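Engineer: Structure provided below as structure tokens; questions to follow.
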Amino acid sequence: MVGFKDLTLREGSQVPGLHIAEDAGTQVLDHLSSLGVGRVEVSFPRAHARESWYRHADDLGLRTAALARAVPGDIDAALEVAPDEIEVIVTSSDVQLEHAIGKSRDEARDLLAENVERAVDGGVDAGATLMDAMRADNDFLAATARAAVDAGAKHVTLADTTGAGTPEMVTETVEAVAAELDDDAVIAIHTHDDMGVATANAAAGVDAGATEIDATVGGIGERSGNAPLEEVAVLLTERGDEVGIDRDELVPVCRAVHETLGVDISPSKPVIGERAYRHESGMHTAAMLEEPATYEPFTPDRYGAERALLFGGDTGRGAARALLTDVGVEPTDERVAAALDALETAAAERGEPLDESQARRVVQER
């Protein structure tokens, strides 16, 4: 079973220009709860406490996480909102160690262990996130992960903070840490989409031993965003993995989250875009009238979506012939030509292509 931790609210709060109001945040939590997402990273309390979101998540039965850097002030701020767990983060690549926090490897490792212990002593569970892990030395990652687990961390998240990783890099990184930890802690993967491979990288992490995935609805997050929860869930499900969310309403719930946050969805966005299940090409529609799987990687209604076969000026003879056959009319060459003319005319009059039921009526009337 692959579990998900949703970071939509926390990552969304870092998107320039995106202000998430208190009531919008509670609505997002409602949506996530209906989807069966069990864990949510709610906020970075040192910057934004959002305590009402934590209490609402508690009421919904969601397990809450608060983000904290590996510094005492962040841990204490996180403890104030009473989360179920604190995600303690420290950078791990040499470039970020030098230029972001000005620490050596040893200093960073010690800070992480000390503050994981501080969180645990505060009465909550703790996890450790190693930032920029794909650009870090794997031996250092493994040693730092071990130090965090020995200090009480129940999971270690390997974060591709800059989206610089490839599936091969993710595989090597996760395997190196997994070999060190054995079964002493859960390994999670956190990917960003700067080079368009966040979903593939998340799946590679699972193949290499990660059993939990950080994701956001629609990939909402800073810069190019994170691994989109819906994409990763569909990819894993279609290849046979069990995922810890309810898939039946995946598409409508993810679209509802976007609407709540006022974030537009690109029409061509995988899984949730309005064009994701629309087909108008004559060659495609002709084949799909006979067998939808011809041009679909998965059945849309499996995830709460609907396919749309569209007909009009671009409809080909094969599609017209299939439509005529379906309505019980012999598809002679003359009737096929008449059906094509009728479909083009009807679509022009409407100002948009016809859906399948409309197209059937048009050809039947002819």
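Read the figures in this text as sums done on the coordinates, not as results from a lab. Values in this document were obtained by computation on a predicted structure and should not be read as measured data. Because the Cβ atoms are built from the backbone with ideal geometry, glycine has one as well, and the counts that use them run over all protein chains shown.
Engineer: Restricted to Cα positions, what overall size does segment 112-219 have along the principal axes? Three whole-Å values, descending.
Structural biologist: Between the extreme Cα coordinates on each principal axis of segment 112-219 lie 40, 29, 20 Å.
Engineer: How do MET1, MET288 rank when sorted from fewest to most other Cβ atoms within 10 Å of their own Cβ?
Structural biologist: In increasing order of surrounding Cβ atoms, one gets MET1, MET288.
Engineer: If you average the sequence gap of Cα pairs under 8 Å that are 6 or more apart and divide by the length of segment 1-89, what percent do you get for the contact order?
Structural biologist: Answer for segment 1-89 is 26 percent.
Engineer: Give me SER33, SER266 sorted ascending by neighbouring Cβ count inside 10 Å, so fewest comes first. Could you put the intermediate results ahead of the total?
Structural biologist: Numbers: SER33 18, SER266 11.
Fewest-to-most ranking of SER33, SER266: SER266, SER33.
Engineer: If you consider only alpha-carbon coordinates, what radius of gyration and Dmax does segment 278-365 have, in Å?
Structural biologist: 12.6, 41
Engineer: For segment 322-366 and segment 185-264, what is the separation of their C-alpha centers, rounded to whole Å?
Structural biologist: Each part reduced to its Cα centre gives a spacing of 40 Å.
Engineer: Under the classification rounded if a/c is under 1.5, otherwise prolate if a/b is larger than b/c and oblate if not, where does segment 3-261 fall, given a ≥ b ≥ c as square roots of the Cα gyration tensor eigenvalues?
Structural biologist: oblate
Engineer: Same structure, new question: Between ASP194, ASP125, ASP183, where does the largest GNM mean-square fluctuation fall for the chain, given springs only between Cα atoms within less than 10 Å?
Structural biologist: ASP183
Engineer: Any chance you could give the angle, 0 to 90 degrees and rounded to 10, that helix 138-150 forms with the longest Cα principal axis of the chain?
Structural biologist: Taking Cα atoms only, the helix is inclined about 70 degrees.
Engineer: Looking at segment 3-261, what % of its DSSP beta bridges pair antiparallel, to the nearest 5?
Structural biologist: Here the antiparallel bridges make up roughly 5 percent for segment 3-261.
Engineer: For segment 1-117, restrict the atom set to alpha-carbon positions and state the Rg and Dmax in Å.
Structural biologist: Every Cα atom of segment 1-117 included, Rg and Dmax give 15.3, 44 Å.
Engineer: Compute, for the chain, the length of the dipole vector about the Cα centre, with Cβ point charges of +1 (Lys, Arg) and -1 (Asp, Glu) only. Units Debye, rounded to 20.
Structural biologist: In debye, rounded to 20, the chain gives about 740.
Engineer: On full extension of the chain, what length is gained from GLU222 through TYR295, given 0.36 nm per residue of separation minus the C-alpha to C-alpha distance?
Structural biologist: 23.0 nm
Engineer: In what sequence do GLU11, GLU222, GLU365 fall when counting other Cβ within 10 Å, fewest first?
Structural biologist: GLU365, GLU222, GLU11
Engineer: Normalising by the residue count of segment 278-365, find the relative contact order in percent from Cα pairs under 8 Å and 6+ residues apart.
Structural biologist: It rounds to 32 percent for segment 278-365.
Engineer: Still on this structure, I have one more. Can you tell me the relative contact order of segment 3-261? Whole percent, Cα pairs under 8 Å, sequence separation 6 or more.
Structural biologist: Across segment 3-261, relative contact order equals 20 percent.
Engineer: Could you work out the helix-only [θ] at 222 nm for the chain, with each DSSP H run of four or more residues adding -39,500 (n - 2.57) and the total divided by the number of residues, to the nearest 500 deg cm²/dmol?
Structural biologist: Numbers: 14 runs with 163 residues, N = 366.
Result for the chain, helices only: -13500 deg cm²/dmol.
Engineer: Helix 22-35 against the longest principal axis of the chain: what's the angle in degrees, Cα atoms only, rounded to the nearest 10?
Structural biologist: For helix 22-35, the angle is close to 70 degrees.
Engineer: Also, I was wondering about something else. What is the angle, in °, between the Cα long axis of helix 333-350 and the longest principal axis of the Cα atoms in the chain? Nearest 10 is fine, range 0 to 90.
Structural biologist: So the helix axis and the longest Cα principal axis differ by about 60 degrees.
Engineer: Calculate the spin-label point distance for GLU306 paired with ARG275, positioning each point 7 Å from the Cα along the beta-carbon direction, and give it in nanometres.
Structural biologist: It works out to 2.1 nm between the two label points.
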